[in-house]
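Following: one structure in structure tokens, then a few remarks.
The values are calculated or read from the model by the stated rules, or taken from the named source; none is laboratory data. What you are looking at is a predicted structure, and each value in this text was computed from that prediction instead of being measured. Here the Cβ positions follow ideal geometry from the backbone for every residue, glycine too, while neighbour counts run over all protein chains shown.
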Amino acid sequence: MTDTELELPQGWVKQAFDLCISNIIGGDWGSPVKEEIDNDFVKVQVLRSTELKNWKMEKGSTAESRIIKKSSLEKRQLHNGDIILEVSGGGTKFPVGRSVLITTSITDNFSVPIICSNFFRKITLSQFLDPMYASNFLDYYYGSGETIKFKNQSVNIQNLKTKEYLSTLSIPIPPLNEQKRIVSKIEELFSRIDSVKQSMENTKLQLEQYRFSLLKSVFEGKRLVKTGEVCDGIVPGRYKPQKFDGDIPWITTPDLDGLYISKSKKNLCVSKEEVKKVRMKIMPKQTVLLTCVGDLGRICITKNEVVPNQQFHGFVCTEKILPKYLAYALTIQIRQMFSASTSTTISYMNKTICNNLKIPLASSIEEQEQIVSQIEQGFSLIENTTQIVESSLQNLQTMKMSILKQAFEGKLVPQDPNDEPASVLLERIKLKN
């Protein structure tokens, strides 16, 4: 987003964002809450990057309870109109640099003061900038992907070049009254878009419910049998290979993506010699793999020989059952799996539990083939509809960016010649200070 991309109308000025800030300070992580708090300390709720994931719905309600010094709270307590800027954290999907506006609807949710963690900067704006207007501009800039240019990558964490970012970022500033009109119009248009978005999200949920209902209906009334009656169970070795220099894919749960699996996402492979040395197990082609530790019930079918880690149980189908049929039949047994599993810190199904899981069995291979075909036709329709919904959701986000672009080009609301020009406002505030 270059300067030429935002053409400004008369009465507007451009200003480096750091010159629009009256105060900026890093957050505080504090210490764990104790039963007895010293007089110099106070209990607070600390906003982290985690809270940004579902900010609109949760409004930071999952913030961490900590204690900090009272002297720190005086400088760092968040108030209406403050903006918090993420300077460390982020990830692949959401790079560092996100920001949120603190409003009374946020602060009123807490019974104790709120602050941000040391992964953020608390920003208090100058008087000539409407906080909501500034927040919308930061969202627009972040959404454009430009923020990534100011990212530093350390070993495991992303850091924002904060000083360079804020001094380089140039914000278009209209008259203060026009800022408020722009904010009002953005809220109006975004409200309509969000209403449509919510409808789309509900459709996605309904499609998932239909997926489960379809599976449930095709298996209804079928005779229940234990998996051990129609499959040979294989338990992987418990040890991890020391060398990855072979040609047999080494499979772990992060590699699962879809019904079939053929290789490791990291292209890790082991040799038969390593398999023998570490006492692992090779699962043959068309083995149905089931996660049996922690996240129970994730299922895939091997396209070729693989060596899975100990988080899986393997089912080699006999002539009584088709691998695809077994995979779909196991999909609706999640509740049974968790009910049968043993659990200390994580859920776990041993060989006996896995081989005693009950599944609905069609009377013949021909009927199984018909059921698989029926499921896949239904799933294909669901997948196509889901893609349409996802495309529509992306279009809604594009519409939001288009609205913001118009807003910051002065094309969203009409200008009022009676508004005090932004340049005059800035000069007046400078003289006051």
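The table for this structure:
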quantity: Some residue of the stretch 143-163 being touching a residue at least 24 places away in the same chain (Cβ under 8 Å), out of contact with any Asp or Glu (no Cβ under 7 Å at 6 or more places or on another chain) and among the acidic types (Asp, Glu); calculated: yes
quantity: Residue in the stretch 138-151 that is among the polar types (S, T, N, Q), closer than 23 Å to residue 170 by Cα and within 19 Å of the chain's Cα centre (by Cα) present; calculated: yes
quantity: Only listed residue being free of Cβ contacts under 8 Å to residues at least 40 places away in the same chain and assigned to a loop (DSSP other than H, G, I, E, B), chosen from 74, 35; calculated: 35
quantity: Scope the stretch 182-233; condition within 30 Å of residue 408 (Cα to Cα) and of a type in the set (S, T, N, Q); matching residues; calculated: 184, 191, 195, 198, 199
quantity: Matching option when the condition is in a helix (DSSP H, G or I) and outside the structural domain of residue 137 (by TED's automatic domain parsing), among 412, 426; calculated: 426
quantity: Residue within the stretch 78-95 that is touching a Leu at 6+ places or on another chain (Cβ under 6 Å), farther than 23 Å from residue 404 by Cβ and either surrounded by 22 or more Cβ atoms within 10 Å (Cβ to Cβ) or not basic (Lys, Arg) (or both) present; calculated: no
quantity: Matching residues in the stretch 262-288 - criterion: being over 11 Å from residue 250 (Cβ atoms), touching a residue at least 40 places away in the same chain (Cβ under 8 Å) and assigned to a loop (DSSP other than H, G, I, E, B); calculated: 262, 279, 281, 287
quantity: Residue satisfying all of: in the stretch 38-71; small (Gly, Ala, Ser) and part of a helix (DSSP H, G or I); farthest from the chain's Cα centre (by Cα) among these; calculated: 71
quantity: Among (1) out of contact with any His (no Cβ under 7 Å at 6 or more places or on another chain); (2) in contact (Cβ under 8 Å) with a residue 60 or more places away in the chain, the one test that residue 354 misses; calculated: (1)
quantity: Residue check for residue 406: free of Cβ contacts under 8 Å to residues at least 24 places away in the same chain, surrounded by 15 or more Cβ atoms within 10 Å (Cβ to Cβ) and not hydroxyl-bearing (Ser, Thr, Tyr); calculated: yes
quantity: Selection within the stretch 38-68 - of a type in the set (Lys, Arg), touching an Asp or Glu at 6+ places or on another chain (Cβ under 9 Å) and touching a residue at least 40 places away in the same chain (Cβ under 8 Å); calculated: 48, 59
quantity: Any chance residue 322 is touching a residue at least 60 places away in the same chain (Cβ under 8 Å) and either closer than 27 Å to residue 214 by Cβ or buried (at least 18 other Cβ atoms within 10 Å of the Cβ) (or both); calculated: no
